[in-house]
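S.K.: Mind looking over this structure? Questions follow.
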Amino acid sequence: MAGNDLSLARKAMVDGQVAVSSVVEPRLLSALLTVPREIFVPEHRAALAYSDAQHDIGHGRKLASPVEFARIAQLAAIDPADRVLDVACGTGYSSAVLSKIAASVVAYEPDKDLARIAVHNLSRIGVANASVLTQEHEALDAGPYDAMLFEGAIGNVQDTYLQRLAPGGRLVAVIGAGRTGVATVWIRQADGVISGTHFNAMLPPILSNDVPEEFVF
């Protein structure tokens, strides 16, 4: 598919999939219009990058569908001054989008091969405010964060992540696999962390076909 056709497909994705799925945040929609999703999927799937589907990216991992990613990103309520932790960034698409709406992004990807691809992809499109780390402790130590997003379904969130939320910080994750997954937000307040569920969401599991009991590498 030619570059102009991909640009049209990107606009159709935003207008015909994302914007009609209760995603209304203008800066997020603008970011989705500018990030070339096709470079973050295997080359043979580039023509399908803007379909409302998950995509295999290798190493047992998948890229979330555009709609589900956008709904999760909107739930994080990211401000332009925010520092964001993007957990399990895969090939870097989510981090590229988040870099457009946040001050800085730390992309944590434990699979070193995927991390190398993410670094290449982010550099390729000129992202200068995102860094990719492969060690969990390094990613957490780089906090605190105003927002954290998990780019796949998990079983539970470890306290070590919640402890790295800045005051007012939000952590967004989908708890549970398949159609039983629920988008959940944790917010750090002065007297502790509160959580609330929002909507059903289908994100690919981060580690395997089975959602782990707890997100542990």
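Throughout, read-outs are computed from the coordinates displayed, never taken from laboratory work. For clarity, every value in this text was computed on a predicted model and none was experimentally measured. Please note: Cβ atoms are built from the backbone with ideal geometry, for glycine as well, and neighbour counts cover all protein chains shown.
S.K.: Not counting the cut sites, what is the longest span of the chain without GluC sites (Glu not before Pro) that DSSP labels loop and that have at most 13 other Cβ atoms within 10 Å? If you can, show how the numbers build up before the last one.
M.R.: Working: sites that count: 213, 214.
Within the chain, the longest run free of exposed GluC sites (Glu not before Pro) spans 1-212.
S.K.: Hey, what angle do you get for helix 66-75 against the long axis of the chain, alpha-carbon based, 0 to 90 degrees rounded to 10?
M.R.: Relative to the chain, helix 66-75 is tipped by roughly 30 degrees.
S.K.: Additional query: Expressed as an acute angle from 0 to 90° and rounded to the nearest 10, what is the orientation of the C-alpha long axis of helix 3-13 relative to the principal long axis of the chain?
M.R.: It works out to around 50 degrees.
S.K.: To the nearest 10 degrees, how steeply does helix 112-124 sit against the main Cα axis of the chain, on a 0 to 90 scale?
M.R.: 60 degrees
S.K.: Among 24, 198, 148, whose Cα projects farthest towards the positive end of the dipole of the stretch 3-200, with charges put on the beta-carbon of Lys, Arg (+1) and Asp, Glu (-1)?
M.R.: The residue sitting farthest along the positive end of the dipole is 24.
S.K.: Residue separation times 0.36 nm, minus the C-alpha to C-alpha distance between residue 12 and residue 48: what's the value?
M.R.: 11.7 nm
S.K.: For the stretch 108-217, what class follows from the C-alpha gyration tensor (a ≥ b ≥ c being the square roots of its eigenvalues): rounded when a/c is under 1.5, otherwise prolate if a/b is larger than b/c, else oblate?
M.R.: It comes out oblate by the Cα gyration axes.
S.K.: Please report Rg (one decimal) and Dmax (integer) in Å for the Cα set of the chain.
M.R.: Cα only, the chain: 15.9, 54 Å (Rg, Dmax).
S.K.: Over the alpha-carbon set of the stretch 25-137, divide Rg by the Kirkwood Rh and report the Rg/Rh ratio to two decimals.
M.R.: 0.93
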